[in-house]
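This report refers to the structure that appears directly beneath it.
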There are 2 protein chains.
Amino acid sequence: MSRQMVRPGGRSARVQASVHDAVRALMSEVGRDALTVPLVAQRAGVTPSTIYRRWGDLKELLSDVAVERLRPDTAPRDQGDLSADLTAWAEQFLDEMASASGRAYIRDALLGDPVGRNAGQCSAYAAEQIDVILGRATERGEDTPDVETVVDRVVAPLMYRILFRPAGLDGTYARRLVAELLGTTDRDDR
Amino acid sequence: MSRQMVRPGGRSARVQASVHDAVRALMSEVGRDALTVPLVAQRAGVTPSTIYRRWGDLKELLSDVAVERLRPDTAPRDQGDLSADLTAWAEQFLDEMASASGRAYIRDALLGDPVGRNAGQCSAYAAEQIDVILGRATERGEDTPDVETVVDRVVAPLMYRILFRPAGLDGTYARRLVAELLGTTDRDDR
DNA sequence: CGACTAACGCAAACCCTTAGCTTTTGGTCG
DNA sequence: CGACCAAAAGCTAAGGGTTTGCGTTAGTCG
């Protein structure tokens, strides 16, 4: 999801694509900390001023790339029942996000984001995945919490600990969060 | 909590204090976005290279200052019972953290923090406050959840939404989180 | 009290950032 | 289809933030 979609066809689109590609390529070649706007520009075959004008800042460019990277590429697998689906999703979510690179992407997404658009997009991705899982469960006739409850009880604790307490996170924690949530869904909250 | 406490007495301490003071003063005078290392250095009566060597980066310096700013200055007020204590604390926490300046401080604390020391400190502050509240409740003979549960059920959802979905947050949400938590503390989780 | 060393000041080189101006390009209207 | 217009990219130079080596200062320890 890029900052601006003005003039979607033609040169603008090509420039944006090649800049994004350059960022991803250089990230794995020289590392995230060695990235600079002129370096990206050279690799993308563009002048630095173009990047500064379109993204304003290296932070904002990285934020854009990070959000793309954090977009889930496949729908969550159907494991047969809600508990298994949510558990598997939470474990995978934790795996991807708690890794060093995952945390870097999250921080990038949060960082160069004046209005919170990119951060909101990340949250929306998770909500979409959960919505698919809950929809399946509902079709099966299972009793399901709503998306916001899953966000509060599973996604938020995972993300909070990833950001503020990276130590000692593992699949056990993710599984427990799901178990505690599903053990109380018969209550009539909210 | 400063980055390094080597040689705590004498010049190092004075330099650190005057740099931190300069950051705080300039933040209110020229705004956070106008801060630069040379500007802070001049105000602090220090050369820029000193700041670069000790903090490495403007982000890391701001992260240090942000953590100081996020440290609670007083113990939570005693309102008579656990529900009232937790509710009042959660509302105040949301108030302070969800404001524009609060979010800026949180982001600063998270960003310039390679090893997660500052972020962990922020989390520890909240945990300390909650521990005081829970300790009082236990003394009264009330049935209390443990700190980690409160972090998962109240702090994490608040912080997640502050960071990823800043829109539409208010005291109602904070109160509901506490009410939902205390309505289920009789379960034997974990 | 004297040696040692971490930390700071100084200054120059580097290169990232910004801004004004020109040129190219893609959309649009006659 | 061709000409106009505005958006976006190229170019360049000035400004300033960042880095680094070296000399100096000031805590610390024997």
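The values are calculated or read from the model by the stated rules, or taken from the named source; none is laboratory data. A quick note: this is a predicted structure, and the numbers were derived from the prediction, not measured. Virtual Cβ from ideal backbone geometry, glycine too; neighbours counted across all protein chains shown. Please note that ligands, DNA and RNA were not included when accessible areas were found on the heavy atoms of the full protein model with its side chains. Shrake-Rupley method; radii C 1.70, N 1.55, O 1.52, S 1.80 Å.
Data overview
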{"quantity": "Residues (touching a residue at least 12 places away in the same chain (Cβ under 8 Å) and more than 11 Å from DNA strand C (Cβ to nearest atom)) located in the stretch B:35-62", "calculated": "B:Leu35, B:Val37, B:Leu39, B:Val40, B:Arg43, B:Asp57, B:Leu58, B:Lys59, B:Glu60, B:Leu61, B:Leu62"}
{"quantity": "Where B:Val151 falls short, out of the listed (1) within 11 Å of another protein chain (Cβ to nearest Cβ); (2) among the aliphatic types (A, V, I, L, M); (3) touching a residue at least 60 places away in the same chain (Cβ under 8 Å)", "calculated": "(3)"}
{"quantity": "Candidate set: the stretch A:70-79, residues that are touching a residue at least 40 places away in the same chain (Cβ under 8 Å) and open to solvent by 30 Å² or more (accessible area, probe 1.4 Å); chosen: the one farthest from A:Pro145 (Cα to Cα)", "calculated": "A:Arg71"}
{"quantity": "Leading residue by the ranking (nearest to B:Ala126 (Cα to Cα)) among those in the stretch A:162-178 that are buried (at least 21 other Cβ atoms within 10 Å of the Cβ) and facing another protein chain (nearest Cβ under 8 Å)", "calculated": "A:Phe164"}
{"quantity": "The stretch B:104-136, residues that are assigned to a helix (DSSP H, G or I), buried (at least 16 other Cβ atoms within 10 Å of the Cβ) and of a type in the set (D, E, K, R)", "calculated": "B:Arg107, B:Asp108, B:Arg136"}
{"quantity": "Residue match in the stretch A:5-12 (condition: modelled with pLDDT of 90 or more, open to solvent by less than 70 Å² (accessible area, probe 1.4 Å) and more than 10 Å from DNA strand D (Cβ to nearest atom))", "calculated": "no"}
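Residues checked against (1) in the same structural domain as B:Leu177 (by TED's automatic domain parsing); (2) in contact with a helix residue (DSSP H, G or I) (Cβ under 6 Å, 6 or more places away or on another chain); (3) open to solvent by 70 Å² or more (accessible area, probe 1.4 Å):
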position	(1), (2), (3)
B:Ser18	no, yes, no
B:Val23	no, yes, no
B:Glu29	no, no, yes
B:Arg43	no, yes, yes
B:Leu61	no, yes, no
B:Asp81	yes, no, no
B:Ala100	yes, no, yes
